[in-house]
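Step one of this worksheet: look at the structure below.
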Amino acid sequence: MSISANDKLKIALVGGGAATFSPKGVTWFDGAGHWGVQHARILSERADVDFCAIVGRHAEKTKARAVQFHVQAYLDVQEMLERAQPDLVCVCLPNQDHYDVTLQLIQAGVPLFVEKPLVFDLAQAKRLISEAAARNLFFGINFNHRYARPVALAHDAIQQGKLGQLVFATWRFGGEGASDHPHANLFETQCHGFDMLEHLCGPVASVMAEMTDVTGNGFNTMALSLKFENGAIGSMVGSYDSSYAYHDTHRVEVNGTDGRVVIVDTVKEYAYQRAGSEIAEIWQAGYFNDVDREFHKTFDRHMDEVICALREGRQPPIHAKAGYRAVLLASAAARSFELGRRVHVAEIVDGK
């Protein structure tokens, strides 16, 4: 599909709350949840978008959110598709409720932009990717961390060869969270870690995991050891038994034979230092640069590219296949913990 630059894109939002079912398919939610508000904000602010619908489960809450953003409220996904006929549907649902409505929209042949995690189950992830591929469907996922300025600078430095041969990478991300899924943090939050490390360092070949449920919050604190296909190694520490309020709660470090890069709190700071040099190059947002210091604005930049790609008939900048990779690696980590040994990604792909 290629859309004229003079035409507004009709975009609908489905998201928030728990799923119920109707004869027409999946019926949804509470009128856009916390992160769904960011979808609604971006879509409502764009002059090139006709933000045409919000789909929800509870009539009052959905109507209130629709009124807030001056769009039409619906309580049924299929009804919205028939009446609004959107060019793109953004899907922002509770983390464990992604599969059914995403499958419904794929089977309806609607271009999609979905939130992470893709799903929690590898078989479901495979089916979503397969069904979308069979329809040559536009199917993007919002790994917005890639659009933080420090991440972009780190990626550029690595691509330019400023680090030399990559040797090791570390990722640490801790905060609060609660879920009835035993591996919630692994799938729904550390998916960003899997995606970013592969974005920066290339594919992961194998995983070994240690986890703890010492707080009774599920296995939501973990330490992972990674081996990349290029020979580098990596580590990941993730937790829901921590706090997002802590200074330096998120840190990424990539080391090579010629230098290293460091990312602090996703958007706060980037540093590059040559091996042997006592002087580092530091990026921090300037006094008036509110855009680059705000985490939510990483999503705005991603949406810019999503809409441009859709208009030009290209695949999304981050295809949902990246979401599949994150599910694959999380599944390998969970398997490693269960078996008490290193698990090669190929084992999981082959279903062994």
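Rounded to the nearest 5, what is the percent of antiparallel bridges among the DSSP beta bridges in the chain? Walk me through the numbers on the way to the answer.
Details: 44 of 72 bridges.
Of the beta bridges lying entirely in the chain, close to 60 percent run antiparallel.
Spelling out what I want: for every residue of the range 114-123, take phi, set θ = phi - 60°, compute 6.51 cos²θ - 1.76 cosθ + 1.60 (Karplus), and round to whole Hz; glycine and proline get x.
3J(HN,Hα) across the range 114-123, in whole Hz: 10, 7, 7, x, 4, 7, 9, 10, 5, 4.
Between the range 35-113 and the range 270-285, what's the alpha-carbon centroid distance in Å?
43
If r is the Cβ-Cβ distance from residue 212 to residue 34 and R0 is 25 Å, what FRET efficiency results, to the nearest 0.05?
Step by step, r from the Cβ atoms, then E = 0.35.
Sequence-distant or interchain residues sharing an amide H contact under 5 Å with residue 76, placed H: which?
56
How large is the dipole of the range 145-345 about the Cα centre if only Lys and Arg carry +1 and Asp and Glu carry -1, each at its Cβ, rounded to the nearest 20 debye?
560
Show the residues, 5+ positions off or on another chain, whose built amide H is closer than 5 Å to the amide H of residue 228.
Residues meeting the amide H criterion: 205, 233, 234.
Just grab the label-to-label distance for residue 312 and residue 41, each label 7 Å out from Cα along the Cβ direction, in nm (one decimal).
Here the answer is 2.7 nm between the modelled labels.
Once you have a ≥ b ≥ c as the square roots of the Cα gyration tensor eigenvalues for the range 145-345, tell me rounded if a/c is under 1.5, and otherwise prolate or oblate according to whether a/b is larger than b/c.
rounded
Which of 342, 314 has the fewest other C-beta atoms within 10 Å, and how do the rest follow up to the most?
With the sparsest Cβ surroundings first, the list reads 314, 342.
If neighbour count is taken as other Cβ atoms inside 10 Å, put 272, 246 in order from fewest to most.
Fewest-to-most Cβ neighbours within 10 Å comes out as 246, 272.
Per 0.36 nm of contour for each residue apart, how much would the distance between residue 304 and residue 287 grow if the chain were fully extended, relative to their Cα-Cα spacing?
3.7 nm
If you build a Gaussian network model of the chain, linking Cα atoms that sit under 10 Å apart, which residue out of 90, 308, 191 swings the most?
Its mean-square fluctuation being the largest, the pick is 308.
Based on other C-beta atoms within 10 Å, arrange 227, 116 from fewest to most.
Lowest count first: 227, 116.
Using only Cα atoms, figure out Rg for the chain and give it as a multiple of 2.2 N^0.38 Å.
1.00
Once phi is turned into θ = phi - 60°, what whole-Hz ³J(HN,Hα) does the Karplus curve with 6.51, -1.76 and 1.60 give for every residue of the range 298-308, x standing for Gly and Pro?
Values per residue, Gly and Pro as x: 4, 5, 4, 5, 5, 4, 3, 6, 4, 5, 4 Hz.
Could you derive backbone 3J(HN,Hα) for the range 167-178 from the dihedral phi with the Karplus parameters 6.51, -1.76 and 1.60 (θ = phi - 60°), listing whole Hz in sequence and x where the residue is Gly or Pro?
These are the phi-based 3J(HN,Hα) values: 10, 8, 9, 10, 9, 9, 8, x, x, 9, x, 8 Hz.
Throughout, read-outs are computed from the coordinates displayed, never taken from laboratory work. What you see is a predicted model, and the numbers here were worked out from it, not measured in a lab. Every residue, glycine among them, receives a Cβ derived from its backbone with ideal geometry; neighbour counts consider all protein chains shown.
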